[in-house]
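Single-structure report; data block below.
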Amino acid sequence: MARSMGSASVMSAAVMGLDVRPVSVEVSLITGTPIIQIVGLAQGAVREGRERIRAAAAQMGLHVPGLRITVNLAPADLPKTGAALDLPIMLGILCAKGDIAQDALRGTMAVGELGLDGSLRSVRGALPIALYAAADPNVDRLLLPSANLREASAAEGIELGASESLGRILVALKNGGRRLTPALLSPARGLPQDETPAAGEFDLSAVKGQPVAKRALEIAAAGGHNLLLSGCPGSGKTSLARCLPGLLPRLALPEAVDVTAIHSVAGLLSDGAGLKRTRPFRAPHHSISEAGLIGGGSRPRPGEASLAHHGVLFLDELPEFGRRTLEALRQPIEEGQVRIVRAAGSASFPAEFTLVAAMNPCPCGYGGVSGRCRCPDESVRRYRRRVSGPLLDRIDLLVDVPAVRWEDLAGKGPVEASAAVRRRVSRARALASRRQGNTNARIAPARLERVCAVDRGGHALLRKAVTCLDLTARGYHRALRVARTIADLDARARVSEGHIAEAIRFRGSI
Ligand SMILES: [Zn+2]
């Protein structure tokens, strides 16, 4: 007859998308065949955890002879994957066995993967878990691997107990458990200030010439406008695009937390990494799948669109991307988020990014340069048609990027640095935010004319553009939004003729 030899429960958490759900790890020991049984919809990684737990226990001399160990992970309907439950399961077993007092684990949540030697390895989603723990009144301490400490430190109001091994955690728990916590790092420390260039960021001063494209980047940054750069290979489209993150206002702490959390659940933070300090710049290859770009997988993972949240998504050689892939991008562009529905549960990821697309003017790349292009008209039309349609509706600035001139390359005159542009951009964004609560790119067509008060000269020019330049309704809205941003950069309440004239020039040759 089986006899109960003890039981215990330990708090832990599972991550689904960016959402964190509490998991209760309940352990009971009964006499019988020695076996570890894990129930509660344990998927592959949890079953493998059984082996890791057995090995780590043996390594540390923590044998549990002659006892049947049942581990129940509740709630049962929550899919639990990943190895983050190793640590709480191990603590639960030791607590049930009487090696740790249940009191020592009161108010304590634990996550961590066990190595076979008893080491603690980093887990995905440590920052979202720490944020969850900080908000849960039942949790006042989070035990986690040292490799996740800097990342988790961005969550305020939770005590973090980090260790690189199970052994150190056990020693601390047996001694009252309040010795693990190192000095907390200030989460905002190291966020780049406005004037300092951030590590790895491209500065506008390094790009020679291209005054029109640089101006377009400033307008894009100020209004949150998506843009398309069209130009020959070697004209510097990629360098220009890379400058955009540094023209946007510096990441505020809550934004940095968002960006870091997304990279954390994607498994893209290296061990010991702290908060992401700079705006993301993601440049996926044109062979990327729909799931890679938007997100997906049976256990939903963020795609490039979400990894670019609060930053820039750069699609080079836009016509080479799959048509379906590009169409899937419409939803995140319109809603600023991605929703992935799976049998195992749904997840949503934020995806507010500025899109920068680039393309050659024709298949050979030299269209527009007299004498060098040999592409038949029909192939040029077909090439350009691939990017027309729904995605183009969401791009406000179409910019022709000419080949760089010799005078610009050789020129030694002063070139404006990103910091100066960023100051103007921040002022313009503040005006738009006070006026309508969002960026100019997000003004709905119905509100457009009210928000963009155009003076008489501006009206006359718009009328002329609609008739003479054959401006479509789409082109008209685009010009108005861009003109609003140009007026904001100029700190003017009304949009005037000069603003409209400049906006109309960004119609590209598509
Ligand atoms: Zn060509």
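Regarding ARG382, is this residue within 16 Å of the ligand (Cβ to nearest atom), in the same structural domain as ASN226 (by TED's automatic domain parsing) and either open to solvent by 20 Å² or more (accessible area, probe 1.4 Å) or in a loop (DSSP other than H, G, I, E, B) (or both)?
yes
Identify, from the list SER4, SER12, SER24, the residue that is at pLDDT 80 or above and open to solvent by less than 20 Å² (accessible area, probe 1.4 Å).
Only one candidate qualifies: SER12.
Please determine, by comparing only the residues of region 463-491 that are in contact with a strand residue (DSSP E or B) (Cβ under 7 Å, 6 or more places away or on another chain) and closer than 17 Å to ARG507 by Cβ, which one is surrounded by the fewest Cβ atoms within 10 Å (Cβ to Cβ).
The qualifying residue surrounded by the fewest Cβ atoms within 10 Å (Cβ to Cβ) is GLY475.
Scan region 188-204 and give yes if some residue there is open to solvent by 40 Å² or more (accessible area, probe 1.4 Å) and modelled with pLDDT of 90 or more, otherwise no.
yes
Find the helices (runs of 4 or more DSSP H) located wholly in region 401-510 whose residues include 3 or more that are over 28 Å from the mean Cα position of the chain (by Cα) and basic (Lys, Arg), and list them.
456-468
Quick one: in region 308-325, which of the residues that are open to solvent by 10 Å² or more (accessible area, probe 1.4 Å) and touching a helix residue (DSSP H, G or I) at 6+ places or on another chain (Cβ under 8 Å) is nearest to ALA252 (Cα to Cα)?
The extreme case among them is HIS310.
Restricting to region 392-421, what's the tally of residues that are under 17 Å from PHE314 (Cβ atoms) and either modelled with pLDDT of 90 or more or buried (at least 17 other Cβ atoms within 10 Å of the Cβ) (or both)?
Residues meeting the conditions: 8.
Using beta carbons and a limit of 6 Å, which pairs, at least six apart or on different chains, have the first residue in region 338-367 and open to solvent by 30 Å² or more (accessible area, probe 1.4 Å) and at pLDDT below 95 and the second one hydrophobic (A, V, I, L, M, F, W, C) and within 16 Å of the ligand (Cβ to nearest atom)?
The qualifying pairs are PRO363/CYS375; CYS364/CYS373; CYS364/CYS375; TYR366/CYS232; TYR366/CYS373.
Checking ILE262 against (1) crowded, with 17+ Cβ neighbours inside 10 Å; (2) on the phi > 0 side of the Ramachandran plot, only one condition comes out false. Which one?
Every condition holds for ILE262 apart from (2).
The values are calculated or read from the model by the stated rules, or taken from the named source; none is laboratory data. In this text the structure is predicted, and so the values were computed from the model without any measurement. Cβ atoms come from the backbone with ideal geometry, glycine included; neighbour counts cover every protein chain shown. For the accessible areas, the whole protein counts, side chains as well, though only heavy atoms, and no ligand, DNA or RNA atoms are used. Shrake-Rupley method; radii C 1.70, N 1.55, O 1.52, S 1.80 Å.
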